[in-house]
Structures are given as C-alpha cells and as structure tokens.
Amino acid sequence: ITKAIISGFTSILPNGKDVGWIHMLDISQLDKTTEVLRLTQDRFKHFIENASDTFAILDNGGNFIYASPKIEELLGYTPEEMIGKNNFDIIHPLDHETAGKAFNSAFENIGKSARSVFRSTHKNGTPVWVEANGRFAYNNNEELNAYLIVREQESSAKEKMHLLSMVADSISSSVMITDAFEKIIWVNNSFTKLSGYSLGEALGKTPSQLLHG
C-alpha cells in the first residue's frame, strides 16, 4: 500500500486547450520513519520508568519539569507532586552549598556532567543521602534544561548510623535520634517497649508528638 499526498490545478495552454496538472508525493517512507520514532520513544520511556535510578529534568532555574516514577520510592513524592517544585526545596538546608556548587558547575560547563552527594529531604521529613549526576543541554526547542540521574547513596554516615544503632539496641535505656528539624529518624527497641511506638510509627514525628508530660 502506498500513501501519497495529491495536489492539482488546471490551466489553459497557449493554443487554448484546457489541461490539468497533478502532483503526487509518496509519504509511505515518511510514515515508516514516524513509526520508528514512536517505537523508539516508547521503548525509551519504558526504560526510564522501570529503571532502578530516578531520572529528572529541571529547567535552568532548577524547577522540576519531569520526574520518573522511581522518585516516589526514593523521596515519597509522586512525579506529579514534583512538577514545579524547586530542586533546593527538597535538599537538606545544610547541603545547599554542596549541591549548589555542582549545579553551578554544570550550568557553566554546558554538556559536561557534574556529580554531587548530599542529603535530600523525604516527604516525611527524614533525610535521604543521594548521589546526583547531571548535565545541562538544549532541548529541541532550544531551551536549556538539566538532565539528572539520582540514586540513593550508601554513605559513611549511614554506616556510622548502623553501628550506632547496634550499640543502642543492646542497652536498656530508651534512645531516639532526630534530624536537624527534630524529626525522628531512628529509635531503639527499648524506646518501643517504653512508649509503644515502633520505628515505623515514630519516623518523621517529633519527640513532643509522641512523649507528653
């Protein structure tokens, strides 16, 4: 089957005869090319949305214009909730400088990747160590965007927390650990026995929300 665009017009020759002119443009190959592009986009979208890492696109002001579904597992926000949110809204205040240096470095060296390790803030208020690799590039509309790959970082801080929790779990005193915002990020077994709150129930709460008097 051949697909074509047909156009035509009539005119009068110098000898007075009427003639018709017809032009045919074969678009079969164009249709095939469009289908190949569509299939490629579908496969790329499937890869992005099912990858173990989080993919994100920011505008040149650091605002999210896309986040892959993995963002919800990493930080608790749905992709829709991330749209329009500024990158620094979800970065721990103590790490704004670290992340800002990497962002500016990538902005000043368009096309070159920059790496940064910092704490993001989960939707429930707890810190999450992440590693972000990204670069700035122009899209098809000549707009400058930042393209990021983000994954959870198994940092030395987490290792220290693990060792501390092993020690704290072996003592009879109740222990809780909070972040800089006074949100609980860990409690030991003695705390659970005393208060009745499990670690899962205490996460993201402040001590004053759980303990009274």
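Look at (1) free of Cβ contacts under 8 Å to residues at least 60 places away in the same chain; (2) within 11 Å of the chain's Cα centre (by Cα); (3) open to solvent by 40 Å² or more (accessible area, probe 1.4 Å) and you find that Ile57 fails only one, number (1). Criterion applied to Ile90, Ile83 was being open to solvent by less than 60 Å² (accessible area, probe 1.4 Å), at pLDDT 90 or above and within 18 Å of the chain's Cα centre (by Cα), and the one residue passing it is Ile90. Give all pairs with beta carbons closer than 7 Å in which a residue from region 64-86 that is without any contact (Cβ under 8 Å) to a residue 40 or more places away in the chain and assigned to a loop (DSSP other than H, G, I, E, B) meets a residue that is among the acidic types (Asp, Glu) and surrounded by 15 or more Cβ atoms within 10 Å (Cβ to Cβ); count only pairs at least 6 apart in sequence or on separate chains. Matching pairs, first to second residue: Thr78/Glu72. Scanning region 97-107 for residues that are over 14 Å from Gly62 (Cα atoms) and exposed (fewer than 14 other Cβ atoms within 10 Å of the Cβ) returns a single hit, Glu97.
Matching residues to (1) at pLDDT 90 or above; (2) touching a helix residue (DSSP H, G or I) at 6+ places or on another chain (Cβ under 8 Å); (3) open to solvent by less than 80 Å² (accessible area, probe 1.4 Å); (4) not in a loop (DSSP other than H, G, I, E, B):
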{"position": "Val128", "(1), (2), (3), (4)": "no, yes, yes, yes"}
{"position": "Asn140", "(1), (2), (3), (4)": "no, no, no, no"}
{"position": "Asn145", "(1), (2), (3), (4)": "yes, no, yes, yes"}
{"position": "Glu159", "(1), (2), (3), (4)": "no, no, no, yes"}
{"position": "Ser174", "(1), (2), (3), (4)": "no, yes, yes, no"}
{"position": "Ile177", "(1), (2), (3), (4)": "no, yes, yes, yes"}
{"position": "Phe181", "(1), (2), (3), (4)": "no, no, no, no"}
{"position": "Lys193", "(1), (2), (3), (4)": "no, no, no, yes"}
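The values are calculated or read from the model by the stated rules, or taken from the named source; none is laboratory data. This structure is a prediction, so every number in the text was calculated from the model and none was measured. FYI the Cβ positions are ideal-geometry reconstructions off the backbone, even for glycines, and counts take in every protein chain you see. All accessible areas refer to the heavy atoms of the entire protein, side chains included, with ligands and DNA or RNA removed. Shrake-Rupley method; radii C 1.70, N 1.55, O 1.52, S 1.80 Å.
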